[in-house]
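Structure provided below as structure tokens; questions to follow.
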Amino acid sequence: MKQFKSINPFNGEILNHYPLISRDEAIKRVEKNHKAFNDFQKVSYNERAHKLEKLSELLKKKKEELALTMTQEMGKPISQAITEVEKCAWVCNYYAENGDDFLSDDTIKTDASNSFVKHEPLGTILAIMPWNFPYWQFFRFAAPNIMAGNSLLLKHAPNVQGCAEHIIELFKAADFDPDYCQNLAADVSDVKSIIEHKAVQGVTLTGSTSAGSAVASIAGKNIKKTVLELGGSNPFIVMEDADLDLALEKAWIGRMQNTGQSCIAAKRFLVHEKHVDDFIDGILSKLMGAQVENPKDDDSFFGPMARTDLAEELESQMKKSVEMGAQLIHGGNRTDAHFQPALLAGVKPGMPAFDEETFGPLASVTTFKTEEEALELANRTDYGLGASVISKNPEQHIHLLRKIQGGAVFFNEIVKSDPRLPFGGTHKSGYGRELAKEGILEFTNQKVIYFA
């Protein structure tokens with residue numbers, strides 16, 4: 001029997017085995033989920049909001065238990081894991097408070113006696129979720145879709161099935177129909193059949209560009225809505241007029257939190273030549289003594305990477321960049337999933353550390369002389385998720401808003417997701433939006449109602 005295996009990346013301990021369900025069982029769960037969708041249409045906005053509030057309460061009540069499972073399964077430092085669970089509680093409360101208003105009818109003046117747009121749920125939505133934020137990625141999808149009235153299918157990453165089971169338990173404890181949120185621990189080869197099932201009306205995926213392309217192809221052939229949140233190679237631009245202390249503070253968190261395993265991490269540091277030496281020295285001082293720690297320790301900041309193969313890939317990208325002329329200033333030693341946080345300088349276009357998404361604790365520094373050069377470097381990527389610009393006078397660089405390609409530009413701050421702001425990217429970072437009003441409307445039918 002095929003199984004998903006949960007392995008603690010810090011010590012290699014096998015935590016659990018999760019038998020895969022068959023394709024027939026997956027389809028049965030899809031059909032039960034669709035019935036739960038039909039039943040959920042009888043649930044008022046007020047009742048849906050109450051259920052979200054209950055989920056929020058449970059998340060806060062069980063945050064230590066939920067966080068520990070995350071830490072053991074994918075290596076996230078425990079304090080960061082607890083923060084992730086708390087953020088999930090926030091997004092549930094946010095949509096409980098605002099979802100009704102977001103979904104209210106939009107009156108439009110026409111030559112009709114009355115005309116408006118009504119937002120109705122599409123149906124059963126499949127969420128294909130990653131391991132790096134195993135609760136947040138799901139709940140930022142789930143909360144708005146609960147309010148919208150859709151039902152939820154979860155296809156979670158193989159290495160965080162313990163987190164997936166916790167999610168299902170939370171929904172049951174919050175008095176949802178047992179079939180309303182289903183975990184499909186199915187083989188990847190069965191995903192096509194699930195997407196093609198007539199009950200499934202949409203798919204959202206957070207993951208790699210290759211996975212997004214494959215899923216979008218299947219959904220597109222079946223004329224089904226998709227939202228894709230894919231990879232990123234966010235530029236972090238330190239302008240000539242930057243506050244260097246602020247730049248170093250934000251750069252450190254933006255690159256290294258979650259052990260660098262985030263699509264919105266600051267992956268390419270573009271630093272004005274005036275600051276580059278001091279910037280490198282500042283990052284180096286933070287890296288000195290930085291090692292992989294036991295992520296269960298309260299004061300840990302760096303955990304292991306989530307899997308050994310991921311650490312091997314990052315190591316390969318680093319070594320190839322060095323072979324092409326980049327300078328390894330510090331770190332980069334690897335044992336299994338333990339990757340010593342590293343710093344590369346002299347990184348240029350054409351090197352893996354510049355051209356590819358580096359998903360781990362590797363900081364790469366590229367120097368520029370003019371704002372025009374910084375802009376060209378920032379946009380020299382296939383991705384378009386977000387960018388950070390550090391400047392004491394951000395209003396002088398406001399024109400960059402139109403010129404930097406991506407879904408977001410943050411001045412004097414790292415790129416981050418916030419329930420109050422739409423989140424998503426362009427180009428190979430995907431399409432569609434999550435969070436805010438835009439996120440709740442993605443999987444709704446904008447139905448026009450017209451009275452002559």
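Taking 7 Å along the Cα-to-C-beta vector as the label spot, tell me the Glu47-Thr107 distance in nanometres, rounded to one decimal.
Spacing of the two 7 Å Cα→Cβ label points: 2.8 nm.
Between 0 and 90 degrees, rounded to the nearest ten: what's the tilt of helix 161-173 against the longest Cα principal axis of the chain?
Between the helix axis and the principal axis of the chain, the angle is about 40 degrees.
Still on this structure, I have one more. With n ≥ 4 as the cut-off for DSSP H runs, can you work out [θ] at 222 nm for the chain, using -39500 (n - 2.57) per run divided by the number of residues, rounded to the nearest 500?
It lands at -12500 deg cm²/dmol.
Hey, got the dipole for the chain? About the Cα centre, +1 on K and R Cβ, -1 on D and E Cβ, debye to the nearest 20?
1240 debye
I've got another one for you. Return one number: the angle in degrees, 0 to 90 and rounded to the nearest 10, between the long axis of the Cα atoms of helix 276-287 and the longest principal axis of the Cα atoms of the chain.
70 degrees
With a/c under 1.5 counting as rounded, go ahead and sort the stretch 277-347 into rounded, prolate or oblate using the C-alpha gyration tensor (a ≥ b ≥ c being the square roots of the eigenvalues; past the cut-off, prolate if a/b is larger than b/c, else oblate).
In terms of gyration-tensor shape, oblate.
Sticking with this one: Using the Cα gyration tensor of the stretch 1-129, with a ≥ b ≥ c the square roots of its eigenvalues, what is the shape: rounded (a/c below 1.5), prolate (a/b larger than b/c) or oblate (neither)?
Verdict is oblate for the stretch 1-129.
With θ set to phi - 60° and the Karplus curve 6.51 cos²θ - 1.76 cosθ + 1.60, what are the ³J(HN,Hα) couplings of the stretch 240-250 in order, to the nearest whole Hz, using x for Gly and Pro?
Once θ is set to phi - 60°, the couplings for the stretch 240-250 become 4, 9, 6, 7, 5, 4, 5, 4, 5, 4, 6 Hz.
Which value results when the Cα radius of gyration for the stretch 151-255 is divided by 2.2 N^0.38 Å?
After normalising by residue count via 2.2 N^0.38 Å, the value is 1.49.
Quick one: of Lys2/Lys62; Lys2/Lys87; Lys87/Lys437; Lys320/Lys416; Lys221/Lys428, which pairs are farther than 22 Å apart, Cα to Cα?
Cα-Cα > 22 Å for Lys2/Lys62; Lys2/Lys87; Lys320/Lys416; rest within.
Could you pull out every one of the aspartates and glutamates with an alpha carbon less than 20 Å from that of Lys192, ignoring same-chain neighbours closer than 8 positions?
Asp24, Glu25, Glu31, Glu229
Quick check: the distance between the Cα centres of the stretch 62-124 and the stretch 160-208, to the nearest angstrom?
Between the Cα centres of the stretch 62-124 and the stretch 160-208 lies a distance of 17 Å.
Just subtract the alpha-carbon distance of Leu441 and Asn412 from 0.36 nm times their residue separation and send over the number in nm, one decimal.
Here the segment from Leu441 to Asn412 would lengthen by 7.4 nm.
Sticking with this structure for a sec: How do 301-312, 390-401 rank on mean C-beta neighbours within 10 Å, highest first?
Order by mean packing, descending: 301-312, 390-401.
Oh, and also: Once a ≥ b ≥ c are taken as the square roots of the eigenvalues of the Cα gyration tensor of the stretch 338-452, is the result rounded (a/c under 1.5), prolate (a/b larger than b/c) or oblate (a/b not larger than b/c)?
prolate
Follow-up. Scan around Val389 for amide H atoms under 5 Å from its own, H built in the peptide plane at 1.01 Å from N, and keep only partners 5 or more places away or cross-chain.
Ile237, Phe410, Phe411, Asn412, Glu413
What Kirkwood hydrodynamic radius, in Å, does the stretch 56-173 give when the mean of 1/r is taken over all pairs of distinct Cα atoms and then inverted?
When all Cα pairs of the stretch 56-173 are included, the Kirkwood radius is 15.6 Å.
Let me ask another. When you count, for each residue, the other Cβ atoms within 10 Å and take the mean per peptide, how do 28-34, 102-108 rank with the highest first?
Going by the mean number of other Cβ atoms within 10 Å, highest first, we get 28-34, 102-108.
Another question about this same structure. Here are several values of volume of the Cα convex hull per residue in Å³: (i) 218; (ii) 139; (iii) 151. Which one was derived from the coordinates shown?
(iii)
Can you work out D for the stretch 185-304 in µm² s⁻¹ from Stokes-Einstein, where Rh is the Kirkwood radius over C-alpha pairs, the temperature is 20 °C and the viscosity is 1.002 mPa s?
Roughly 122 µm²/s, to the nearest whole number.
Further question: When the Karplus curve 6.51 cos²θ - 1.76 cosθ + 1.60 is applied with θ = phi - 60°, which whole-Hz ³J(HN,Hα) does each residue of the stretch 427-440 get, with x for Gly and Pro?
Running phi through 6.51 cos²θ - 1.76 cosθ + 1.60 with θ = phi - 60° gives 6, 7, 7, x, 7, x, 9, 10, 6, 6, 5, 4, x, 6 Hz.
What is the angle, in °, between the Cα long axis of helix 209-221 and the longest principal axis of the Cα atoms in the chain? Nearest 10 is fine, range 0 to 90.
Helix 209-221 sits roughly 30 degrees off the main axis of the chain.
Go through the stretch 309-326 residue by residue and turn each phi into a ³J(HN,Hα) via Karplus (6.51, -1.76, 1.60, θ = phi - 60°); whole Hz please, and just put x for glycine and proline.
Once rounded to whole Hz, the list reads 5, 5, 5, 5, 5, 4, 4, 5, 4, 5, 5, 5, 5, 5, 4, 8, x, 5.
Read the figures in this text as sums done on the coordinates, not as results from a lab. Note that the coordinates shown come from a computational prediction; the quantities given were computed from them, not determined experimentally. For neighbour counting, all protein chains shown are included, and Cβ atoms are generated from backbone atoms with ideal geometry for every residue, glycine included.
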